[in-house]
Amino acid sequence: MPAQLKYFLSRLLGAMATIVIGSFLVFLVMKAAPGDPALTVLGDFATPETIAEFYRENGLDNPVIIQYLDWFNGIIRFDFGQSLTISSGQDISDLLAYRLPNTITIGIYAIVIATLISLALGTAAALNRGKLTDTATTSFAILGVSMPDFWLGYMLILGLSIHFGIFPAYGFIPPSESISGSLYSGFLPALAIAAPMAAVFSRTLRASLVENLNRDHVTVAKSIGHSYKFIFLHHVFRNSVIPFVVVIGLQVRYLLGGVVIIEKIFGVDGVGSLMVEAAFARDYFVVQACAVVFLATVLVINFIVDMICVLLDPRRAS
């Protein structure tokens, strides 16, 4: 079996095992959460008979392991059950199908912005190390890492929305209605998420570029007479991209955390805001579904990043 295919299968099996273990932990945490789903739906004055009937209808009177297996079987078919409170009786799958594209749009938008900013700043800093450009870029990176995304979100609203009136302060146009509208209305929330990530990305890229600029093979390439542009693109930048891509993949988990907060601040109807609404409304089934979707998203993106890294450097699969 080729090394790359073997690596691909091992990572795929690892991701599947993580989904099973992670979903079980999510299920147990929600089971241990305070409150009773029956009382949440039926009210505090529900009779024991009514509560028992609710448990039977929703399978909550079965052993925990049976409840989990039934729930996980539904997950495989993208059937998460029905909402208890925030959208009583509606299928959770329908809620996710409407909101997930909004979250994906904001997330991809933020990664693209962060990547473009970090490529420019990280490269400029590495090529001008020790100079004013390097100092300014490093200072920006420290500032970006130190800024909470929710604080930056409010500052962007205050500056670019309320003061200058360039972008809307609240609301988001789904990509299904208008791609240009979603890019326009989603710029501020995406930028609020992207700025801290761009700081981390640019520092990583700068460090990797500086390290590769001092490699022996780069010195040899210079002595042979290759142009600086050729050396930078083929011997420096290409080798520096691998840790850069890895960091982007690792930052996805923090991106999802930022999405939960930013979506509420900017009024984006996404999975993050749905999770917050469900938590406050004690809609346990919706919270479980959102948590599993976030877990699956992280695993899929990490898997894609692993595959990209193997393509860039096949030695990683050996």
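The values are calculated or read from the model by the stated rules, or taken from the named source; none is laboratory data. Note that the structure is predicted; figures quoted are calculated from it, not measured. Heads up, the Cβs are rebuilt from the backbone with ideal geometry, glycines too, and the neighbour counts pull from every protein chain shown. In case anyone asks, the SASA skips ligands and DNA or RNA and just uses the protein heavy atoms, side chains included. Shrake-Rupley method; radii C 1.70, N 1.55, O 1.52, S 1.80 Å.
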(message) If I ask for residues that are farther than 30 Å from Ala291 by Cβ and free of Cβ contacts under 8 Å to residues at least 40 places away in the same chain, which ones from the range 100-119 would you list?
(response) Leu116
(request) Go through the range 127-159 and give me each residue that's over 26 Å from Gln251 (Cα atoms), part of a helix (DSSP H, G or I) and open to solvent by less than 60 Å² (accessible area, probe 1.4 Å). (result) Gly159
(request) Collect the residues in the range 219-248 that are buried (at least 17 other Cβ atoms within 10 Å of the Cβ) and touching a Phe, Trp or Tyr at 6+ places or on another chain (Cβ under 9 Å), keeping them in residue-number order. (result) Ala221, Phe244, Val247, Ile248
(request) Would you mention how many residues in the range 160-173 are open to solvent by 50 Å² or more (accessible area, probe 1.4 Å) and part of a loop (DSSP other than H, G, I, E, B)? (result) 5
(request) Examine the range 66-86 for a residue that is within 22 Å of Leu183 (Cα to Cα) and not in a loop (DSSP other than H, G, I, E, B), and state whether such a residue exists. (result) no
(message) Within the range 288-304, does at least one residue satisfy the condition of being open to solvent by 10 Å² or more (accessible area, probe 1.4 Å), touching a residue at least 60 places away in the same chain (Cβ under 8 Å) and more than 23 Å from Ile21 (Cα to Cα)?
(response) no
(request) Consider only pairs whose beta carbons are under 6 Å apart and that are at least six residues apart or on different chains; among these, list those whose first residue lies in the range 202-217 and is under 23 Å from Ser139 (Cβ atoms) and open to solvent by less than 20 Å² (accessible area, probe 1.4 Å) and whose second residue is in a helix (DSSP H, G or I) and among the β-branched types (Val, Ile, Thr). (result) Leu213/Val236
(request) Could you please tell me which pairs satisfy a Cβ distance under 6 Å, a separation of 6+ or placement on different chains, a first residue in the range 163-177 that is of a type in the set (Val, Ile, Thr), and a second residue that is surrounded by fewer than 16 Cβ atoms within 10 Å (Cβ to Cβ)? (result) Ile173/Gly181
(request) Being within 20 Å of Ile75 (Cα to Cα), open to solvent by 40 Å² or more (accessible area, probe 1.4 Å) and not basic (Lys, Arg) is the filter here, so list the residues in the range 27-54 that pass it. (result) Leu28, Val29
(request) For the range 38-51, indicate whether the set of residues that are at pLDDT 80 or above and not in a helix (DSSP H, G or I) is non-empty. (result) yes
(message) Please go through the range 86-123 and give me each residue that is open to solvent by 30 Å² or more (accessible area, probe 1.4 Å) and among the hydrophobic types (A, V, I, L, M, F, W, C), ordered by number.
(response) Ile86, Ala97, Leu100, Ile104, Ile108, Ile111, Val112, Leu116, Ile117, Leu119, Ala120, Leu121
(message) at pLDDT 85 or above, open to solvent by less than 70 Å² (accessible area, probe 1.4 Å) and in a helix (DSSP H, G or I): is that true of Ile262 in this structure?
(response) yes
(message) Restricting to the range 174-210, and then to whatever is within 20 Å of the chain's Cα centre (by Cα) and assigned to a loop (DSSP other than H, G, I, E, B), can you tell me which residue is farthest from Ser273 (Cα to Cα)?
(response) Pro175
(request) Scan Leu60, Leu5 and give me the residue that is under 30 Å from Val310 (Cβ atoms) and within 32 Å of the chain's Cα centre (by Cα). (result) Leu5
